[in-house]
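The values are calculated or read from the model by the stated rules, or taken from the named source; none is laboratory data. Predicted, not measured: the structure shown is a model, and the values here were computed from it. Counting neighbours? That spans all protein chains shown, and the Cβs are built from the backbone with ideal geometry, glycine included.
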Ligand code: 5GP
């Protein structure tokens, strides 16, 4: 599953401007936009512009500048969305056990209400 980067995944198409998004932030390394199916009052996705499937390949092969750029963008987006004081949760799914659906690395930024326990226990 997701062994090779799929140039036609939905976030690649958003990056190419083929599919619209509600943009929150853009810089040299990242694009941030609102999730189409929000799970909290604030649910924004931050993605690298490079072709990375998940944290697995990003952590191993992205440049230091790309990694710093993504993390800085997450902090910036949280501040832009007014979450600095109330707090927020970030989440990045990677691979089958995580239930990752879109095979382009994305960091979810959730906030705007108490978010409850970290994981639902079985
Ligand atoms: P994952 O399960 O891969 O961690 O999360 C994928 C996320 O992408 C989901 O929260 C889903 O709602 C969001 N998503 C899927 N397709 C689109 C789309 O076309 N546009 C936007 N803005 N979000 C999308």
Checklist outcome for this item: Scanning region 21-70 for residues that are surrounded by 15 or more Cβ atoms within 10 Å (Cβ to Cβ) and part of a helix (DSSP H, G or I) gives 55, 57, 58, 66, 69, 70
Checklist outcome for this item: Expected single match for near the ligand (Cβ under 10 Å from one of its atoms) and at pLDDT 95 or above among 114, 48, 103, 41 is 103
Checklist entry - Applying the selection to region 4-20, what residues are near the ligand (Cβ under 10 Å from one of its atoms) and either loosely packed, with under 11 Cβ neighbours inside 10 Å or closer than 24 Å to residue 64 by Cβ (or both)? => result 11, 20
Checklist outcome for this item: Given (1) farther than 20 Å from residue 47 by Cα; (2) modelled with pLDDT of 95 or more, residue 66 misses just (1)
Next on the checklist: Tell me whether region 90-104 contains one or more residues that are without any contact (Cβ under 8 Å) to a residue 40 or more places away in the chain, surrounded by 14 or more Cβ atoms within 10 Å (Cβ to Cβ), assigned to a strand (DSSP E or B) and under 14 Å from the mean Cα position of the chain (by Cα).
Outcome noted: yes
Next on the checklist: Can you report the number of residues in region 71-82 which are farther than 16 Å from residue 38 by Cα and over 14 Å from the mean Cα position of the chain (by Cα)?
Outcome noted: 3
Checklist outcome for this item: residue 114 fails exactly one of (1) part of a loop (DSSP other than H, G, I, E, B); (2) free of Cβ contacts under 8 Å to residues at least 60 places away in the same chain; (3) in contact with a helix residue (DSSP H, G or I) (Cβ under 9 Å, 6 or more places away or on another chain); (4) more than 18 Å from residue 34 (Cβ to Cβ), namely (3)
